[in-house]
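Below: the structure, in structure tokens.
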Amino acid sequence: MKTKSTNYTIEKANEELQKNAQKVKQSKFWLGYHIAPPAGWLNDPNGLVFYKGEYHAFYQHYPYASQWGPMHWGHAKSKDLIHWEHLPVALAPEYDYEAGGCFSGSAVVSGDGMYLTYTGHNEQRDPKEVQCVAKSTDGIHFEKLAENPVISVPPAHGSPDFRDPKVWMQNDIWNMVVGSSKDGIGKAVLYRSKDLKDWEYTGVMVESDGTQGDMWECPDFFSLSEDVDVLIFSPMNMEGSKTRYMIGKMDQETGKFEAKNSGEIDYGIDFYAPQTFQDDQNRRILISWMNMWKKDMPEQTDGWAGALTIPRELSVENEKLIMKPVEEMKNLRTNQLVSTYEKEIKVADLCLEVEMVVSLDNSNKLGFTLSSEIGESIIVGYDTIEKQIITDRRGMLQGEQDLCQAHYQTENNEITLKAYIDRSSIELFVDGGKLVMTNRFYFKGDNITLSIEGEKSDIQEVSVWELKATM
Ligand code: FRU
């Protein structure tokens, strides 16, 4: 029997959250339909899984402050991907092998059980990162295996930075990809197991070519069809890039992944550590952290920080990753505010879906601006001169004040913009998910106006719906 070596417990974490949850919800930046922690800090999504008829999302969580601290796993579940219910904290860092935090990981279902695989982190230990498993049969309470850590040293191809296991079943064997690094090269290493406890090292799945970052965090592997495999990861210190996908094929024998194409998953600033899972309809769904390290998070002064993106369904077209809001998002629509062109729309609650079809004929900028009565603004859309999709936060008074842009060109003369806006977040989907841009924003003012950008003759369609706040 291992003895507990920290003062953290699930009970204490839940008490702390209960104390603060009501107050935190009053925050001006509180999100209406996104998963955010009941209070305290959230980063990466973890353990996304469909279990016994329900969707489960876990996340990196520190319940005691709105800053990062020794990581717990927060937990929410849903029947329909749009109404989420908070559950008790699933994991607290208790044992020596995880005293610095239960870091990111994944979930699988085996028989009756849900198994979480995660990284035990402890800077005081050598090696500092090991892989661990916890099991549940009710989807709420988890027991850490006596065999932990199930992988207690990094492989020779890796280094002590060895974290974020993603587990999946393929050809009747469990596979686990873990992020690591060696000599400045980020990599994804592969293990295999028959029972989720005894893991054998297979080798390096794929690694940076020297330009793709020096440490790969949160790798995830999945097949979208017979011959389309996808690897995603969050590279550290990669020039101009934060979250990558590679499309190619994994060799079953060797576990080597051969990439044919690669690209950015989401061009926003506030997007990191995405993870995916498959649901009962065989959809591959991605959810990400909707913030980024070292960025301003004004909600911290309100006792919370961080949120997860809306669920997005993945597909591949012409060796490019396509990411669309899941169908269910339509069910959040309550009232259609606008169905034809109106230059200015006053917005009561900033929980909106905006859809526009625009022609690229006469306008320099197409899209919309959100602005407040004290002169703040954020511009979202397409710059036809620079050929860039943009989210321009330079007109804001708090939070990051930058211009986020991504090159985009269409074959025809038309672009479809779909935006999910939720009080302090905007997720922009271009042309059915060919390009996605996710950002947070923080108004000081209270009265928000949505104005359409572009010559009226270029605006073919506009729809604005109010969305139901479910959280
Ligand atoms: C990514 C990450 C992971 C790690 C976790 C710690 O954002 O750095 O690599 O497991 O966050 O909270």
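For residues that are more than 16 Å from Leu321 (Cα to Cα) and in contact (Cβ under 8 Å) with a residue 40 or more places away in the chain, scanning just the range 279-290, find the one that is nearest to the chain's Cα centre (by Cα). So the residue we want is Trp289.
Within the range 16-33, none of the residues are under 23 Å from the mean Cα position of the chain (by Cα), within 15 Å of the ligand (Cβ to nearest atom), buried (at least 20 other Cβ atoms within 10 Å of the Cβ) and touching a residue at least 40 places away in the same chain (Cβ under 8 Å). Trp84 falls short on exactly one of the conditions (1) closer than 30 Å to Lys444 by Cβ; (2) within 16 Å of the ligand (Cβ to nearest atom); (3) surrounded by fewer than 22 Cβ atoms within 10 Å (Cβ to Cβ), and that condition is (2).
Out of Ile269, Ile285, Ile265, Ile247, report the one residue that is within 16 Å of the ligand (Cβ to nearest atom), surrounded by fewer than 23 Cβ atoms within 10 Å (Cβ to Cβ) and either modelled with pLDDT of 95 or more or of a type in the set (Val, Ile, Thr) (or both). Can you show your working first?
On the way: Ile285 fails: within 16 Å of the ligand (Cβ to nearest atom); Ile265 fails: surrounded by fewer than 23 Cβ atoms within 10 Å (Cβ to Cβ); Ile247 fails: within 16 Å of the ligand (Cβ to nearest atom).
The unique qualifying residue is Ile269.
For (1) crowded, with 23+ Cβ neighbours inside 10 Å; (2) at pLDDT 95 or above; (3) more than 13 Å from the ligand (Cβ to nearest atom); (4) of a type in the set (A, V, I, L, M), each residue gets a yes or a no:
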| residue | (1), (2), (3), (4) |
| --- | --- |
| Ala36 | yes, yes, yes, yes |
| Phe58 | yes, yes, no, no |
| Gln67 | no, yes, no, no |
| Gly74 | yes, yes, no, no |
| Lys79 | no, yes, yes, no |
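Among the conditions (1) surrounded by fewer than 18 Cβ atoms within 10 Å (Cβ to Cβ); (2) among the charged types (D, E, K, R); (3) in a strand (DSSP E or B), the only one that Glu253 does not satisfy is (3).
Of everything in the range 306-322 that's among the hydrophobic types (A, V, I, L, M, F, W, C) and more than 14 Å from the chain's Cα centre (by Cα), which residue is surrounded by the most Cβ atoms within 10 Å (Cβ to Cβ)?
Quick first cut of the range 306-322, residues among the hydrophobic types (A, V, I, L, M, F, W, C) only: 307-308, 310, 314, 316, 321-322.
Narrowing the set further to residues that are more than 14 Å from the chain's Cα centre (by Cα) leaves 316, 321-322.
Values: Val316: 17, Leu321: 25, Ile322: 18.
Looking at residues that are among the hydrophobic types (A, V, I, L, M, F, W, C) and more than 14 Å from the chain's Cα centre (by Cα), I get Leu321.
Take the conditions touching a strand residue (DSSP E or B) at 6+ places or on another chain (Cβ under 9 Å), farther than 30 Å from Lys19 by Cβ and surrounded by fewer than 21 Cβ atoms within 10 Å (Cβ to Cβ) and apply them to Ser223. Does it pass? Yes; evaluated as a whole, the condition is true for this residue.
Condition check ((1) of a type in the set (Val, Ile, Thr); (2) surrounded by fewer than 21 Cβ atoms within 10 Å (Cβ to Cβ)) across all residues:
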| position | (1), (2) |
| --- | --- |
| Ile421 | yes, no |
| Ser425 | no, no |
| Lys444 | no, yes |
| Thr449 | yes, yes |
| Ser457 | no, yes |
| Gln460 | no, yes |
| Glu466 | no, yes |
| Thr470 | yes, yes |
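For the range 138-179, the set of residues classified as without any contact (Cβ under 8 Å) to a residue 12 or more places away in the chain and touching a Lys or Arg at 6+ places or on another chain (Cβ under 6 Å) consists of Glu143 only. Filtered by the rule that a residue be of a type outside the set (Phe, Trp, Tyr), touching a residue at least 12 places away in the same chain (Cβ under 8 Å) and either touching an Asp or Glu at 6+ places or on another chain (Cβ under 7 Å) or in a loop (DSSP other than H, G, I, E, B) (or both), the range 4-15 gives Lys4, Ser5, Thr6, Thr9. In the range 387-401, which residues are over 12 Å from Leu366 (Cα atoms), out of contact with any helix residue (DSSP H, G or I) (no Cβ under 8 Å at 6 or more places or on another chain) and not in a strand (DSSP E or B)? Hits for the range 387-401 are Met396, Leu397, Glu400, Gln401.
The values are calculated or read from the model by the stated rules, or taken from the named source; none is laboratory data. Since we're looking at a predicted model, the values are computed, not measured. Glycine also receives a Cβ, built like all others from the backbone with ideal geometry; neighbour counts cover every protein chain displayed.
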